[in-house]
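Below is one structure, written out as structure tokens; comments come after it.
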Amino acid sequence: MKIDFQAELNPEQLKVASYTQSPLLVLAGAGSGKTRSIIYRCAYLIQHLHVKPWNILVVTFTNKAASELKQRLESLLNISVSNLWVGTFHSLCLRILRMENEHLPLKSNFSIYDTDAQKSLLKKICKEQGIDTQKVPINRVMSRISRHKNRLQMPEDLPQGYYEQASDPFNRAFHKLYSLYQQALLFNQAMDFDDILFYTATLFQNNPEVRAKYSQKFQHVMIDEYQDTNMVQFEIIRLIVSEHHNLCVVGDDDQAIYGFRGATVRNILEFEKDYPDVNAIRLEQNYRSTMGILNLANAIIKQNRRRHAKDLWSERGEGKKPVLTQCLDENDEAEIVSQRVLELKKKGTPLGEIAVLYRTNSQSRVFENAFLQHRIPHVIVGSLHFYQRKEIRDMLAYLSVLLNPDDSESLLRIINEPARGIGNTTINRIISYANRLHIGVWQAIANLEAIEELGAAAQKKVAAFYEMMLNLRQAATHKSSSQMVELLLEELQLLELYRKGNDPQDIARAENLMEFLNSASEFDERFAEENDRTALLSDFLPFVALQTDLDRVKDEDEALKLMTLHNAKGLEFEHVFIVGLEQELLPHRLCMNTKEEVEEERRLLYVGITRAKDGLYLSYATERRLYGIFDHSKPSVFLQGLDSSLFFGSIDEAAHIPTPKRLGKYKHKQTDKDKYYYIGQNVWHEEHGAGKVLNVSGTGSDALLTVSFAKGALLKVYGTFLKTTPTDS
């Protein structure tokens with residue numbers, strides 16, 4: 001079936017689909033049909049230029065997007081494109097690493113450690129080394145390790161002695177921790193997410209033949225969400241297209257919001273420098289939102305200086321202006337949002353088409369409470385997800401050991417789960433034996449007779465576990481992933497165990513295990529259709545490990561979505577509420593140190609605004625409770641300087657739904673004179689930034705405070721020059 005590209009695409013989209021003479025930069029504004037453009041470009045290459053699907057590489061931001069792209073392309077072409085290479089950076093790189101395993105320091109059945117597994121491993125190392133995790137926070141260590149890997153730096157690549165000679169405990173401990181962590185990963189035959197990208201980049205750098213093989217294979221390369229790529233991803237793509245430069249990148253620098261993850265907006269802003277013969281195309285027609293919403297989005301993002309100029313427009317009409325609401329406090333804000341949600345529901349809007357977006361997860365609490373009181377069904381996107389539940393993590397640990405018995409961390413998790421009489425004393429003796437011989441736990445239990453410290457009873461229990469695992473490993477060589485989950489549930493009798501349990505949550509755990517079996521069955525069916533073979537554990541486990549928060553967002557009409565602005569990326573809703581539009585909340589107080597950080601915070605607001613199709617509701621509170629007392633808050637700097645005609649309601653006198661029954665608590669409005677400072681309080685100074693109060697003399701704004709600032713200064717400051725700040729982010 002021939003596709004009429006001219007009839008189905010606007011002029012700019014048509015250029016994206018058909019231009020192949022040089023590298024192409026597509027600056028795609030929010031809701032401008034960039035996915036459609038990528039799909040039609042693939043179709044054009046296949047139908048007009050007769051490029052084979054397996055010679056095309058498309059990198060998407062989520063696995064869900066990859067699956068949808070492939071389905072829509074097959075529907076458009078009316079042929080199978082199962083051999084098209086499409087997926088996230090991590091899934092595609094993992095596929096390459098499995099194929100080129102001979103060049104890696106790991107076996108082909110290596111495990112993939114998620115964030116929880118990383119934390120667990122680092123905590124264990126800190127405990128063994130006597131490192132205080134109060135002074136050396138695990139999350140900070142993980143973030144620093146990730147940053148180095150994204151810069152292609154392993155422990156041996158760091159400057160000699162730099163960390164060891166540092167004055168603070170964190171930097172002194174970091175290099176040692178990084179080295180021990182990486183050694184532990186290799187010992188367990190495991191990779192973390194950053195390793196997947198690191199090993200792919202170094203594979204291409206160090207092996208010209210492998211690089212040439214993939215450069216010739218991928219004759220056309222397309223990257224979606226290019227503004228969210230980091231240094232190592234940039235390097236992987238640069239090496240793949242080094243021989244032909246047939247590269248098309250699609251992105252929007254105005255939606256670059258992942259700097260904290262290592263993404264660099266530099267990649268899209270300086271694409272013309274990296275590829276001087278580039279052709280740039282702008283997609284500015286928005287198909288999602290009304291002009292009332294787009295006018296506000298354009299006005300806000302134009303305040304950013306470092307950007308490619310774009311001006312979104314729509315043929316959907318003016319629509320309703322965004323509503324700006326001033327609230328008394330966060331509880332008042334939640335009540336107002338609840339009332340508006342109920343009004344929208346009454347008018348026929350499905351709850352699944354409504355989203356409440358906020359800057360930090362901690363803001364969700366008051367909305368959850370309000371929605372419960374008003375019986376508004378809701379789900380929190382990005383909270384504890386299905387695969388993080390204990391019973392599911394236990395199952396995944398079992399499956400991981402069946403695939404990779406060298407994964408000692410997973411093995412130790414399940415050796416007595418469910419309880420089979422293998423106590424801590426026995427486990428510690430096995431570990432001690434393994435450490436003495438520098439072998440893994442699996443190898444140790446394979447030689448039980450040699451562990452003299454173990455009594456006959458303990459040996460018998462461990463031997464029974466080992467025998468069971470050997471039989472299951474044998475089955476895993478030919479059974480599908482869902483068959484292995486079913487076999488494991490049967491062998492461990494977990495469903496019976498939870499159904500007989502006294503804990504009220506045990507029934508939910510049994511249901512979760514059945515849902516896990518369902519997910520494996522769904523995966524098997526989909527995998528068999530696309531690959532014409534049985535899905536084994538080596539296929540299923542990477543799929544689970546590489547799921548993102550956005551992949552887990554379900555399209556439900558029955559529940560309103562609560563999520564951070566970061567998690568809203570790539571989604572759309574009929575009506576969107578953006579709450580907490582206050583200074584030091586959005587922009588966040590921890591992201592106000594540089595112009596670059598403030599610009600990223602503004603982009604975050606822009607992303608939130610452009611999720612809305614028909615209705616946009618913005619709100620801020622004049623007071624917010626901190627440490628049990630109310631503190632004044634100011635409207636976000638992002639609202640200042642905007643034309644009041646953009647809103648229904650103004651910044652000075654925002655539209656406000658009265659809630660008389662709740663006004664009793666506001667008899668006393670706090671002033672600067674009423675401010676209360678105390679030892680240990682977090683404060684903010686315009687020049688010196690964040691600090692902690694060490695001593696207080698006096699009261700209110702006249703109080704003289706001794707403050708230790710994060711930047712190193714110890715100063716006496718009057719209360720009038722300080723702001724109080726929240727402790728969490």
Query raised in the report: Restricting attention to segment 464-471, does a residue exist that is more than 37 Å from the chain's Cα centre (by Cα), more than 27 Å from Ser538 (Cα to Cα) and open to solvent by 90 Å² or more (accessible area, probe 1.4 Å)?
Result: no
Requested in this report: Considering each residue of segment 57-87, count those that are over 20 Å from the mean Cα position of the chain (by Cα), of a type in the set (Lys, Arg) and under 15 Å from Arg526 (Cα atoms), and give that number.
Outcome: 1
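Residue-by-condition table, conditions (1) open to solvent by less than 40 Å² (accessible area, probe 1.4 Å); (2) at pLDDT below 85:
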residue	(1), (2)
Leu488	yes, no
Gly501	yes, yes
Pro504	no, yes
Phe540	yes, no
Report summary line: Scanning segment 121-163 for residues that are hydroxyl-bearing (Ser, Thr, Tyr) and under 27 Å from the mean Cα position of the chain (by Cα), the one nearest to Pro105 (Cα to Cα) turns out to be Ser146
**Report entry** Residue list for segment 490-506, restricted to those being of a type in the set (A, V, I, L, M) and either part of a loop (DSSP other than H, G, I, E, B) or under 15 Å from Met469 (Cβ atoms) (or both)
**Finding:** Leu492
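Quick one: in segment 407-428, of everything that is touching a residue at least 40 places away in the same chain (Cβ under 8 Å) and open to solvent by 30 Å² or more (accessible area, probe 1.4 Å), which residue is nearest to the chain's Cα centre (by Cα)? Step through it out loud before you land on a result.
First, pick out the residues of segment 407-428 that are touching a residue at least 40 places away in the same chain (Cβ under 8 Å): 407-410, 415, 418, 420-422.
After this cut, where a residue has to be open to solvent by 30 Å² or more (accessible area, probe 1.4 Å) as well, the list is 409, 420-421.
Details: Glu409: 24, Arg420: 37, Gly421: 39 Å.
Out of the qualifying residues, it is Glu409.
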Query raised in the report: Could you count how many residues in segment 326-344 are closer than 29 Å to Ser32 by Cβ and of a type outside the set (A, V, I, L, M)?
Result: 1
Query raised in the report: Where in segment 404-483 are there helices (runs of 4 or more DSSP H), lying fully within it, with 1 or more residues that are touching a Gly at 6+ places or on another chain (Cβ under 6 Å)?
Result: 408-414, 456-476
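Only one of Ala297, Ala355 is within 30 Å of Arg282 (Cα to Cα), touching a Lys or Arg at 6+ places or on another chain (Cβ under 6 Å) and either crowded, with 23+ Cβ neighbours inside 10 Å or modelled with pLDDT under 90 (or both); which?
Details: Ala297 fails: touching a Lys or Arg at 6+ places or on another chain (Cβ under 6 Å).
The conditions single out Ala355.
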Report task. Among the residues of segment 261-289, write down those that are crowded, with 22+ Cβ neighbours inside 10 Å and among the polar types (S, T, N, Q). Result -> Asn267, Asn286, Ser289
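Going through segment 506-532 one residue at a time, which ones are small (Gly, Ala, Ser) and at pLDDT below 80?
Filtering segment 506-532 down to residues small (Gly, Ala, Ser) leaves 508, 510, 519-521, 528.
Residue satisfying the conditions is Ala508 alone.
Residues of segment 75-86 being part of a helix (DSSP H, G or I) and open to solvent by less than 60 Å² (accessible area, probe 1.4 Å), which ones? Talk me through it step by step, then tell me what you get.
Restricting attention to segment 75-86, the residues satisfying the condition of being part of a helix (DSSP H, G or I) are 75-77.
Leu76, Leu77, listed by residue number.
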Report summary line: In segment 429-447, residues that are under 15 Å from Gln459 (Cβ atoms) and open to solvent by 90 Å² or more (accessible area, probe 1.4 Å) total 1
Report summary line: Within segment 125-156, residues without any contact (Cβ under 8 Å) to a residue 40 or more places away in the chain, open to solvent by 30 Å² or more (accessible area, probe 1.4 Å) and either outside any helix (DSSP H, G or I) or under 16 Å from Leu186 (Cα atoms) (or both) come out as Gly130, Asp132, Thr133, Gln134, Lys135, Pro137, Gln153, Glu156
Query raised in the report: For segment 171-201, what are the residues that are out of contact with any Phe, Trp or Tyr (no Cβ under 7 Å at 6 or more places or on another chain) and surrounded by fewer than 17 Cβ atoms within 10 Å (Cβ to Cβ)?
Result: Lys176, Ser179, Gln183, Leu186, Phe187
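Out of Leu328, Leu344, Leu324, report the one residue that is open to solvent by less than 50 Å² (accessible area, probe 1.4 Å), in contact with a helix residue (DSSP H, G or I) (Cβ under 9 Å, 6 or more places away or on another chain) and modelled with pLDDT of 95 or more. Give the derivation first.
Values: Leu328 fails: modelled with pLDDT of 95 or more; Leu324 fails: modelled with pLDDT of 95 or more.
Exactly one residue qualifies, and that residue is Leu344.
The values are calculated or read from the model by the stated rules, or taken from the named source; none is laboratory data. All values reported here derive from a predicted model rather than from experimental measurement. Cβ atoms come from the backbone with ideal geometry, glycine included; neighbour counts cover every protein chain shown. Heavy atoms of the whole protein, side chains included, go into the accessibility calculation; ligands, DNA and RNA do not. Shrake-Rupley method; radii C 1.70, N 1.55, O 1.52, S 1.80 Å.
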